[in-house]
Amino acid sequence: MNNILSTEEYQLEIEWDLNSGIINSILSSNPIEGVANNIGGEVFFYQYDLDIPFNGEEKEVFEEGDVIYWKSPTDPKKFGILFMYGNTDYGDGTKPRTSSPGIKIGIIKDIKSISKISTGSILKLG
């Protein structure tokens, strides 16, 4: 998989976190595609094929620009890729926070472009 997140309007470079224990599983997968949801502070898309087990690195508080692999706590077949661009409704206003734990897999430097991605846009990772 390459290091580009593509939308209809943008091609954004991702710097993969090679220290992540699950990054090789992400990088060896086929390109991943989904429909964007921009919920204020976070753009994400659901994925139903990844199913990479958590390995103890998961957490809920992140930094702006972090790219996160997320698993639903209620649906064992629902996964997501999250792009944090600011404080979220789940946090205390100091840092981006996810609704449930995830693992940081990379960083996107162009935070401003992430924040402009509209819900319903098609996102392709890889």
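Side notes on the structure shown:
- First in segment 80-95 and in contact (Cβ under 8 Å) with a residue 12 or more places away in the chain, second anywhere and of a type in the set (G, A, S) and surrounded by 17 or more Cβ atoms within 10 Å (Cβ to Cβ), Cβ under 7 Å, 6 or more apart: L82/G102; M84/G41; M84/G65; Y85/G41; G86/G41; N87/G41; T88/G41; Y90/S99
- From the list F62, F83, F44, the one residue that fits, being at pLDDT 95 or above, open to solvent by 10 Å² or more (accessible area, probe 1.4 Å) and closer than 20 Å to E13 by Cβ, is F44.
- Boolean, S25 is in contact (Cβ under 8 Å) with a residue 24 or more places away in the chain and out of contact with any strand residue (DSSP E or B) (no Cβ under 6 Å at 6 or more places or on another chain): yes
- Meets criteria (outside any strand (DSSP E or B) and touching a residue at least 60 places away in the same chain (Cβ under 8 Å)) for T119: yes
- Count - residues of segment 107-125 that are among the β-branched types (V, I, T) and open to solvent by 60 Å² or more (accessible area, probe 1.4 Å): 2
The values are calculated or read from the model by the stated rules, or taken from the named source; none is laboratory data. Here the structure is a predicted model, which is why all the values come from computation and not from measurement. For neighbour counting, all protein chains shown are included, and Cβ atoms are generated from backbone atoms with ideal geometry for every residue, glycine included. In case anyone asks, the SASA skips ligands and DNA or RNA and just uses the protein heavy atoms, side chains included. Shrake-Rupley method; radii C 1.70, N 1.55, O 1.52, S 1.80 Å.
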